[in-house]
Structure formats: structure tokens, C-alpha cells
Amino acid sequence: MAMRTPLKTVRYLGSAKEGSDHFWKQRITAVSNFFLVIFLVWLVASLVGADYATVKQKLANPLIALGLLGLVLSGTIHMRLGMQTIIEDYVHEEGLKIAALMLNTFFAIFIALVSIFSVLKLSFGV
């Protein structure tokens with residue numbers, strides 16, 4: 001006889017209440033990072049040897065900026081999730097674990113904000 005309620009079976013979150021959600025977010029960001037990094041490699045390869053004005057003009061294209069912003073967001077979310085897993089697995093002292101998880105989140109937010117600011121500054125040509 002199963003001890004699960006129908007709602008718990010449908011959600012299938014496990015004992016930590018977020019295990020499968022974390023798993024899927026990590027996999028989805030990994031797949032999106034794959035395609036976005038291919039885009040980044042193409043972008044860098046197409047700009048090899050170009051002068052400053054050409055690079056600036058190419059980065060001012062909204063589609064290029066959106067691709068770079070997507071890479072920044074997907075990459076920082078993936079980074080945060082991966083480091084969270086490492087911290088949860090290898091830091092055993094509860095206080096240190098909480099501090100490390102908070103610092104991990106703040107670091108990911110900081111990296112994302114600086115990167116977004118940089119992409120927008122390049123895109124708008126300011």
C-alpha cells in the first residue's frame with residue numbers, strides 16, 4: 001500500500017521538495033548554454049580581425065544583444081545551480097553551508113548584473 005497522496009505523486013518532488021525541479025532547471029540551462037555558446041563562437045569567429053567600428057556595429061544589433069543576454073542569464077543560472085549542488089554535497093557544517101549558499105546566490109546575481117550592464121552598454125553604444 002502506497003503512503004503517497006495523489007498530489008504528492010503528481011508533483012514528485014521528493015524529500016527535499018525541489019529535487020526534480022533543480023534537476024530539470026540544470027538540464028534545460030545546459031541545453032540552452034550549448035546552443036548559445038555555439039552562437040558566441042560564431043560571433044567571435046565572425047569578428048576576428050574586424051576593426052572597432054565593425055565590432056561596435058555588430059554588437060549594436062538587437063538580435064546579437066538578445067543572444068548574449070540569453071547566454072548571460074542561462075549561464076549564471078546554470079552556474080548558481082551547479083555550485084549549489086556542490087555546496088550542499090560537500091559543506092557539512094550547517095552555518096557555513098547557509099553562508100556559502102547565500103554568497104553563491106549573491107555572486108551569481110552580481111555576475112549577471114555586471115554582464116547584462118556590459119551587453120546593454122555595448123548594444124546601445126554608450
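The values are calculated or read from the model by the stated rules, or taken from the named source; none is laboratory data. Here the structure is a predicted model, which means the values were calculated and not measured. With ideal geometry, Cβ positions are generated from the backbone for all residues, glycine too; neighbour counts draw on all protein chains shown.
For segment 47-58, does any single residue satisfy the condition of being in contact (Cβ under 8 Å) with a residue 40 or more places away in the chain, exposed (fewer than 14 other Cβ atoms within 10 Å of the Cβ) and closer than 16 Å to PHE117 by Cα?
Residues of segment 47-58 that are in contact (Cβ under 8 Å) with a residue 40 or more places away in the chain, as a first pass: 56.
If we keep only those that are exposed (fewer than 14 other Cβ atoms within 10 Å of the Cβ) too, we end up with 56.
Then drop every residue that is not closer than 16 Å to PHE117 by Cα, which leaves 56.
Yes, that holds for at least one residue.
Condition first: of a type in the set (Lys, Arg), surrounded by 10 or more Cβ atoms within 10 Å (Cβ to Cβ) and at pLDDT 95 or above. Can you find one or more residues in segment 6-16 that meet it? Give the derivation first.
Going residue by residue through segment 6-16, those that are of a type in the set (Lys, Arg) are 8, 11.
Narrowing the set further to residues that are surrounded by 10 or more Cβ atoms within 10 Å (Cβ to Cβ) leaves 8, 11.
Next cut, at pLDDT 95 or above only: none.
Within segment 6-16, none of the residues are of a type in the set (Lys, Arg), surrounded by 10 or more Cβ atoms within 10 Å (Cβ to Cβ) and at pLDDT 95 or above.
Let me confirm something: among LEU36, LEU71, which residue is in contact with a Phe, Trp or Tyr (Cβ under 9 Å, 6 or more places away or on another chain), at pLDDT 90 or above and farther than 24 Å from ASP89 by Cα? Outline the logic, then answer.
Numbers: LEU36 fails: in contact with a Phe, Trp or Tyr (Cβ under 9 Å, 6 or more places away or on another chain).
None of the other options fit; the residue is LEU71.
Does THR76 satisfy the criteria of being in a helix (DSSP H, G or I), without any contact (Cβ under 8 Å) to a residue 40 or more places away in the chain and of a type in the set (Val, Ile, Thr)? Give the derivation first.
On the way: in a helix (DSSP H, G or I): yes; without any contact (Cβ under 8 Å) to a residue 40 or more places away in the chain: yes; of a type in the set (Val, Ile, Thr): yes.
Yes.
Among LEU81, LEU68, LEU101, which is the only one that is under 16 Å from VAL119 (Cα atoms), of a type in the set (A, V, I, L, M, F, W, C) and touching a residue at least 12 places away in the same chain (Cβ under 8 Å)?
On the way: LEU81 fails: under 16 Å from VAL119 (Cα atoms); LEU101 fails: under 16 Å from VAL119 (Cα atoms).
Just one listed residue meets the conditions, LEU68.
Does segment 45-54 contain any residue that is of a type in the set (Val, Ile, Thr) and at pLDDT below 95? Give the steps one after another, and end with the answer.
Initially, segment 45-54 is screened for residues of a type in the set (Val, Ile, Thr), giving 48, 54.
Checking the rest, the ones that are also at pLDDT below 95 come to 54.
Yes, some residue in segment 45-54 is of a type in the set (Val, Ile, Thr) and at pLDDT below 95.
Within the bounds of segment 100-118, is there any residue that is out of contact with any helix residue (DSSP H, G or I) (no Cβ under 7 Å at 6 or more places or on another chain) and of a type in the set (Val, Ile, Thr)?
Looking only at segment 100-118, we keep the residues that are out of contact with any helix residue (DSSP H, G or I) (no Cβ under 7 Å at 6 or more places or on another chain), and these are 102-103, 106-107, 109-110, 113-114, 117-118.
Then keep just the ones that are of a type in the set (Val, Ile, Thr); that gives 109, 114.
Yes: one or more hits.
Go through SER123, SER118 for me and flag whichever is over 24 Å from VAL31 (Cβ atoms), surrounded by 17 or more Cβ atoms within 10 Å (Cβ to Cβ), of a type in the set (Gly, Ala, Ser) and out of contact with any Asp or Glu (no Cβ under 9 Å at 6 or more places or on another chain). Give the steps one after another, and end with the answer.
Details: SER118 fails: surrounded by 17 or more Cβ atoms within 10 Å (Cβ to Cβ).
Answer to the selection: SER123.
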